[in-house]
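Following: one structure in structure tokens, then a few remarks.
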Amino acid sequence: MKKYWLIAAMLALLLAVGAGTFIVGNRMGQQERRDPPHGINLQGEPVIDLGAAIDKATGLVPGEVLKVELESEDARYIYEVKVLAGNGQVRKVKLDAHDGALIEIEDG
């Protein structure tokens with residue numbers, strides 16, 4: 001049950017950041033609205049939403065999602081999704097947060 005609250009809280013945070021960026025931009029007199037492909041911005045850069053990151057990760061490593069983190073690594077944002085695979089092994093799936101591209105899959 002905890003994992004669903006964590007996922008919901010992270011999604012709410014990402015949505016709030018995206019909405020705040022849009023509102024502040026409009027209040028500063030910007031006439032042009034640039035929508036990211038999935039509607040979420042992180043520090044002005046579009047990112048895929050949490051659900052898409054989870055779907056991509058579990059498509060690569062089927063199993064139960066244990067934890068999702070959005071973090072900055074090597075000057076870019078990544079989703080790190082920990083998945084309990086069907087064989088009982090915990091795997092970390094790292095995805096580029098901007099386009100969902102696979103960075104790496106680690107054991108651990």
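Annotations for the structure displayed:
- Filtered residue count, the range 35-74, keeping only those that are part of a strand (DSSP E or B) and modelled with pLDDT of 90 or more: 9
- Qualifying residue in the range 75-83 (condition: acidic (Asp, Glu), surrounded by 15 or more Cβ atoms within 10 Å (Cβ to Cβ) and modelled with pLDDT of 90 or more): yes
- Within the range 53-70, being surrounded by fewer than 16 Cβ atoms within 10 Å (Cβ to Cβ) and under 11 Å from residue 100 (Cβ atoms) holds for 55, 59, 60.
- Selection of the range 95-108 for residues being part of a strand (DSSP E or B), open to solvent by less than 40 Å² (accessible area, probe 1.4 Å) and touching a helix residue (DSSP H, G or I) at 6+ places or on another chain (Cβ under 9 Å) yields only 95.
- Only a single criterion out of (1) of a type in the set (Phe, Trp, Tyr); (2) over 22 Å from residue 107 (Cβ atoms); (3) surrounded by 14 or more Cβ atoms within 10 Å (Cβ to Cβ); (4) at pLDDT 65 or above is not satisfied by residue 4, namely (3).
- In the set (1) touching a Phe, Trp or Tyr at 6+ places or on another chain (Cβ under 6 Å); (2) modelled with pLDDT of 95 or more, residue 97 fails one condition alone, (2).
The values are calculated or read from the model by the stated rules, or taken from the named source; none is laboratory data. Keep in mind it's a predicted model, so treat the numbers as computed, not measured. Because the Cβ atoms are built from the backbone with ideal geometry, glycine has one as well, and the counts that use them run over all protein chains shown. Just the protein is used for accessible areas: all its heavy atoms, side chains included, with ligands, DNA and RNA removed. Shrake-Rupley method; radii C 1.70, N 1.55, O 1.52, S 1.80 Å.
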